[in-house]
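Asker: Quick one: the structure is below, questions incoming.
The values are calculated or read from the model by the stated rules, or taken from the named source; none is laboratory data. Quick caveat, the model's predicted, so the values are computed rather than measured. Every residue, glycine as well, gets a Cβ built from its backbone with ideal geometry; the counts of neighbours run over all protein chains shown. Accessible surface areas use protein heavy atoms only, side chains included; no ligands, DNA or RNA. Shrake-Rupley method; radii C 1.70, N 1.55, O 1.52, S 1.80 Å.
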Amino acid sequence: AVPFCQDFEALPDTTIFGNYIGLPGVRELDFETQDQSSGRMRTATGFTNSGLRAVTMDRNPNGVTIVNYGIMTYNMSAYDANNDQILMDLSIMEHGDEPSNQDSIWVRGCDTCTWIDVIDWNILTGNTNGVLFTLNDFNVSNALLGQGQNFSNSFQVRVGQEDNFPASSPTGSDGVSFDDLCFELVLDSNVAVSDLIAPDQFACGDSAMTLSVEVINNGTDTISNIPVEAQLTGLVTTTLSGTLPGPLPPGEVDTLVLSGTFNSYAGGILNITAYTQLVGDLLLSDDTLQTVRTLTGVPQAPQVDGDSVVCIG
């Protein structure tokens, strides 16, 4: 189900030469190569965007130019490109690979459909070696519909690499690595608390402190009258609430000062759980923000001969 992120961490330390269907740990990943003896896929190279695993394709030993493909297959039959906006992210690093025709990323709605070229990853990286670049928020639904395709139980993503030397370091001398293939469903109605604006970390305590949050519209509809609640524990135990009037357009953020105050004069640890309560929100899992603030207590004013700071701010 979407949202979903394949970080390849389930792959063991594996080196594959030649075609291979269903790599151990990540059965949805296949390897296709033009040369059964030198086309190589590795899973533990250190060329990662996150964690300990990424996928690296190259040729070893060096020789004539060959083409390698990493193909990932997913059951996306629950989604309809006409109604569901599916976005895709993929991080990729090149290792000195010269630009070639098969250095690209493709998608297709089924395993017998025509491949749809998403982007030449040399354009994504700008031919910069040893740096991970991310294809962000590529609209898969629009790409499929543009070619008369739709999601199925064998939706596929393909990464291609064409060259003739091994990836021996982040910057040399050929090959490509990819990591963190993620999918997100853009929903009509989906709002969330995205940040705590106030109080700041280590802010001075106050006898009537307020709480401010940032609310984001992650959906495609413009939303008004968004209820927000925050539960506070630790330094104080209380609940604050408020309503962001909006209208809040898609992708935009706005700040809401919740009604009510709390006494933080003594300082201490404040645990904050803030969440939206919009009726009809289609993705509840991203509604909540949990964070901690340490507030500075305000001491009794000392006897001083001149200016003295007792609490910054």
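Asker: Please give the per residue accessible area of the chain, computed with a probe of 1.4 Å over protein heavy atoms only, in Å².
Answerer: On the way: 14220 Å² over 313 residues.
Here the per-residue accessible area is 45 Å².
Asker: Now for a different question. Express the carbon and sulfur contribution to the solvent-accessible surface of the chain as a percent, rounded to the nearest whole number, probe 1.4 angstrom. Present the calculation step by step, with values, prior to reporting the outcome.
Answerer: Values: 6790 of 14220 Å².
Ligands and nucleic acids excluded, carbon and sulfur give 48 percent.
Asker: Kindly write out, for region 30-35 in residue order, the coupling ³J(HN,Hα) from the Karplus curve 6.51 cos²θ - 1.76 cosθ + 1.60 (θ = phi - 60°), rounded to whole Hz, with x marking Gly and Pro.
Answerer: Values, residue by residue: 10, 10, 10, 9, 7, 10 Hz.
Asker: Looking at the square roots a ≥ b ≥ c of the eigenvalues of the Cα gyration tensor of region 130-265, which shape do they give, rounded for a/c under 1.5, prolate if a/b is larger than b/c, or oblate?
Answerer: Details: a/c = 4.05, a/b = 1.85, b/c = 2.19.
Cα axes put region 130-265 in the oblate bin.
Asker: For ASP89 and THR238, FRET efficiency with R0 = 41 Å and r from the beta-carbon atoms, rounded to 0.05? Don't jump to the answer; show the numbers that get you there.
Answerer: Numbers: r = 39 Å, r/R0 = 0.94.
For THR238 and ASP89, the calculated efficiency is 0.60.
Asker: Which of these, VAL67, VAL107, VAL279, has the largest mean-square fluctuation under a Gaussian network model of the chain (Cα springs below 10 Å)?
Answerer: VAL279
Asker: Place a +1 charge on the Cβ of each Lys and Arg in the chain and a -1 charge on the Cβ of each Asp and Glu, then give the dipole magnitude about the Cα centre in debye, rounded to the nearest 20. If you can, show how the numbers build up before the last one.
Answerer: Values: 8 positive and 39 negative charges, 111 e Å.
In debye, rounded to 20, the chain gives about 540.
Asker: Taking K and R as +1 and D and E as -1, what net charge do the other residues with C-beta under 14 Å from the C-beta of ALA230 add up to?
Answerer: Values: positive: ARG293; negative: ASP195, GLU214, GLU229, ASP287.
So the surrounding residues net to -3.
Asker: Still on this structure: Using 0.36 nm per residue of separation minus the Cα-Cα distance, give me the extension gain between ASP137 and ASP206 in nm, one decimal.
Answerer: Full extension from ASP137 to ASP206 adds 20.6 nm.
Asker: Please give, to one decimal in nm, the separation of the simple spin-label points placed at THR255 and PHE4, each 7 Å out from Cα toward the Cβ.
Answerer: 4.0 nm
Asker: If the chain between THR222 and THR112 were fully stretched, how many nm would it gain, using 0.36 nm times the residue separation less the Cα-Cα distance? Please report the intermediate quantities before stating the final value.
Answerer: Values: separation 110, 0.36 × 110 = 39.60 nm, distance 3.84 nm.
Stretched fully, the THR222-THR112 segment lengthens by 35.8 nm.
Asker: Just check the chain against the gyration tensor rule for me: Cα atoms, a ≥ b ≥ c as the square roots of the eigenvalues, rounded for a/c under 1.5, and otherwise prolate or oblate depending on whether a/b exceeds b/c. Mind showing how you got there, number by number?
Answerer: Values: a/c = 3.22, a/b = 1.88, b/c = 1.71.
Prolate, since a/c reaches 1.5 and a/b exceeds b/c.
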